[in-house]
Every structure is written in C-alpha cells, then in structure tokens.
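Undergrad: Mind looking over this structure? Questions follow.
Please treat every number below as a calculation from the coordinates, not as lab data. In this text the structure is predicted, and so the values were computed from the model without any measurement. For neighbour counting, all protein chains shown are included, and Cβ atoms are generated from backbone atoms with ideal geometry for every residue, glycine included.
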Amino acid sequence: MIGEEVLKNITVLYVEDESLLQEGTTETLELFDINVICAQNGEDGLSTYRLMQDKIDLVLTDIKMPKLNGIDMIKSIREINKEIPVIITTAHQETNFLMKSIELNINAYVLKPIDIYKLKDTLIKAMESKVLKDKLRKKNQELELAIQEIEKKQKLMEVQSRFAAMGEMIAMIAHQWRQPLASIGTVSFNLKNKLLSGKYDLETKEGRFEQTEFFNKKLDDIEGYVQNLTNTIDDFRNFFKSDKIITKTKIENTIKNSIKMINKDFQTNDININFDFKSKSDVNIYENEMAHVFINILKNAQEKLLEKQSNREIKIITEDIEDSVKIEIKDNGGGIDKENMSLIFEPYFSTKKEKNGTGIGLYMSKVIVENNHKGKLLVSNTTEGACFTIVLNTLV
Ligand SMILES: Nc1ncnc2c1ncn2[C@@H]1O[C@H](COP(=O)(O)OP(=O)(O)OP(=O)(O)O)[C@@H](O)[C@H]1O
Ligand SMILES: [Mg+2]
C-alpha cells in the first residue's frame, strides 16, 4: 500500500490547544478519510493515547500547550510505544526544540500556519514507513514461525529415524545372535547328554583326563560364543550411540564396520559384496552418522535385490578425486524408476509402504552427508541397477 491509499481509515490522535485551528484541520483530514481523535493539551493527549493506543496509528501534535507540553507528552507516549509515528505542528524553529525532537525520533514537523497539502504529504510519508515496518515485522514473524516449524519437523524425523534405526538394530542383533545361541544350546545339550549317558570313566587317571578335556573344550566353546554375543552388542552400541565426535579415518574402515552389522543378513540372502578401496585419504567424519548412511543405502539395495532370484551383487568403490573422497555403492537390482528419481530423497517418500517403509532413510542420509558433513549424496541408474555416490571433502 503506497500513496494516498495509506491514509484511508487510519486513526490520528490530534493534540492542539487552539480550537479553531483544530476544528479546521480536523475537517480537512476527515476529507482524506482519516479518523481524527482530538485532545486539547498534552495531559489530555497522553490519557487519550493510554486509553485508545490500540486504535491510534499516528500522533499529530502541537508543542506549546497548557498542562503538559507536546515534547513531554511524546516522551511519555514513546515509553509506551517506541514506533508510533509522530508529526509535530509548530511555529518554533529553535535549535533546542529541534534537538529534543531528534532525540525523540519524531518523524516530521509541519510549520504553522499549516499548509494542508504539505501536511497530507507528511502524513503519507510517515504512514508509509509505518506500513512498511509493520509488513516487515509481520514477514519476520511468519519466517520465524516457518523456521520453527521446519526445525520441529526435522527433530521429529530425527527421532523417527532413531526409532527405525533401533528397530533395525534389534532385528540385526537377533539375526547375529541366532547362530551363537543355537550353538550354546547344542553344547549344553551335549554336556547334559554326556552326564546322563553315564559313559565316562572316572576310575582311571586317563578316563578322568579325557572327561576333563571334554568338559573344558565344551566350556571354552560356550565362552567363545558368549564372547561373540558380547562383541555384537558392543559393535552395535558403538554404532548407534548419538555422540557427536569427529573422527579422522579412512572411509573404508567405516564402510567395513557398517557391513559387520548387516553381513549376516547379506550371507543369508546370498548377496555378494565386492570392494574396490582405492582411496588413500583420511576424512573427518561423524563415524556413527556415516555408518547409518551406509547401512541405509545397503539395506535399500538389499531390499531391491531380494526381488530377484539370483546373482545379487553390490559393489563399493572408493577413490580420491582432488580434495575429495568419492564413494560409489552400486547394486544390480534393476535401479530406481525414472519417475521416482527426483523423489527418493524427499521425506516420507517410499515405494515400500506395504512393507512399512517409512521413507526417511535416504532423507536422513542426505541431511547427514550434505548438512552435517558438507558433502554430496547423489543417485543415478547404471545399466544394471542403482548407484549412490557420496562425495566427502578431505579438507573439512
Ligand atoms: N538401491 C535402490 N534401488 C531401487 N530403488 C531404491 C534404492 N534405494 C532406494 N530406492 C527407492 O527410494 C525410496 C526411498 O528410500 P528410503 O530409504 O528413503 O525409504 P524406504 O527404504 O522406502 O523406507 P525406510 O525408511 O524403511 O528406509 C525407496 O522406497 C525405493 O523406492
Ligand atoms: Mg530405506
């Protein structure tokens, strides 16, 4: 809103002790569709402002008035509202007064006798800046709200992703534990059987030695399996901790550690992983976060590969390119449908809804790589399947 329009329906508090002047000016202001509230002196002006501050858009005031002068009235009004536009009508041009009006951040002053066109222009200018300021303030508030909303969503997704990761972790631990638990079961069954069968000889030294050997060997086996169970828990605990520690490492170490988590699943499903680790550089990364990225991508590849019967392959290549390390993860699962290509990094986009896919795996991976590591996560299709490319800057 600019020009005369800005004066339509605004409310002006007009403080003036000369009633004839006040009447005349008020009549003219009303011709411009301005609502005018009149007060006869500073004290009256201040109390009217206090009562009607929500309605008043601008204060127009004389200086020399009985009871409370214009300057002191404005001082008090400014304590209530620092921003309200104020225009002074004055016959004075003394420096003292001008200094005070600068201090009080007066928008403008109009000399008496009032030239009504000049007053109108001054009112327009003062109101335009108020409207612009109000607009700006409103836009800022809207922006702040929008940012808060985005932050809230992001937090929610992080929580969701952690839950999903935890669920996955439990499934993976269960997978890794199945075999050692079964082995412990077998060993203890054998021990019990041996005892029940009574086929042992405790009479001779050799017999006792043989029994001790047998029991020792079995107990060692159990200890080995228990150690295996403990290691699995430790591996997972380290990787699913949320501590934000930067680690300087070769990316192949993180990849190998991530694969440890899902290896059992891959073996069971006959998925072959080939490595070609050519990168020699170190990268500074949040290792746990990057492990999530690799697990997300590898899990997606696995899910796609399970759609085919045989020849399930994943290839991981790392190489140094200038100041970066490039990691490519390729599968031969057929690739991503063209129409989904631009959507897969969107939060909640999933083609696995019926299998409870949340669709935040790749979104979180992108946030981790691009926001938290200032890298790049890209996707393309090869003739055989999908190819995810991660680029990490070695200088960061
Ligand atoms: N290697 C791949 N081959 C083919 N399509 C893929 C591949 N990786 C991802 N996609 C597609 O991208 C979509 C989004 O993946 P994303 O990991 O974000 O979610 P999701 O796997 O569906 O669910 P979840 O949150 O459980 O991971 C998938 O639903 C799938 O359609
Ligand atoms: Mg996924």
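Undergrad: Which order, highest average first, do 46-58, 182-194 follow once you tally other Cβ atoms within 10 Å for each residue and take the mean per peptide?
TA: Peptide ranking by packing, descending: 46-58, 182-194.
Undergrad: Once the Cα atoms of helix 70-80 and of the chain are each reduced to a long axis, what angle between those two axes, in degrees from 0 to 90 to the nearest 10, is obtained?
TA: Once rounded, one gets 20 degrees.
Undergrad: Under 29 Å Cα-Cα from K217, which lysines qualify once same-chain neighbours fewer than 8 residues away are excluded?
TA: Correct list for K217: K192, K194, K199, K205, K260, K264.
Undergrad: Something else now. Treating the angle as unsigned and between 0 and 90°, give the value, to the nearest 10°, between the Cα long axis of helix 116-197 and the longest Cα principal axis of the chain.
TA: The answer is roughly 10 degrees.
Undergrad: Can I ask one more? Trypsin sites (Lys or Arg not before Pro), restricted to the stretch 300-396: which are DSSP loop and have at most 14 other Cβ atoms within 10 Å?
TA: K308, K352, K374
Undergrad: Considering the Cα trace of the stretch 245-396, what is its radius of gyration and what is Dmax, both in angstroms?
TA: 14.8, 43
Undergrad: If you don't mind, another one. Just to compare against my own numbers: the Cα pair-distance distribution for the stretch 3-114, 5 Å bins, whole % per bin, please.
TA: 2, 12, 25, 26, 21, 11, 2, 0
Undergrad: Follow-up. Output the Kirkwood hydrodynamic radius of the chain, Cα pairs only, in Å rounded to one decimal.
TA: Kirkwood radius, the chain: 28.5 Å.
Undergrad: Now for a different question. Count neighbours as other Cβ atoms within 10 Å of each site's Cβ, and list the GluC sites (Glu not before Pro) in the stretch 307-396 that are DSSP loop with at most 11 such neighbours.
TA: Sites meeting the loop and neighbour criteria: E307, E322.
Undergrad: May I ask you to list the aspartates and glutamates whose Cα is less than 12 Å away from that of K155, ignoring any residue fewer than eight positions away on the same chain?
TA: Once the sequence-local aspartates and glutamates are set aside, nothing remains near K155.
Undergrad: How many angstrom lie between the Cα centre of the stretch 200-232 and the Cα centre of the stretch 131-189?
TA: 45 Å
Undergrad: Next up: Quick one: helix 205-240 against the long Cα principal axis of the chain, what's the angle to the nearest 10°, folded into 0 to 90?
TA: 20 degrees
Undergrad: Taking the alpha-carbon centroid of each part, what is the distance from the stretch 52-72 to the stretch 327-351 in angstrom?
TA: A separation of 67 Å, based on Cα centres.
Undergrad: Let me ask something else. Quick check on my link table: of K55/K138; K244/K355; K248/K366; K250/K330, which ones sit more than 29 Å apart, alpha carbon to alpha carbon?
TA: Pairs exceeding the cut-off: K244/K355.
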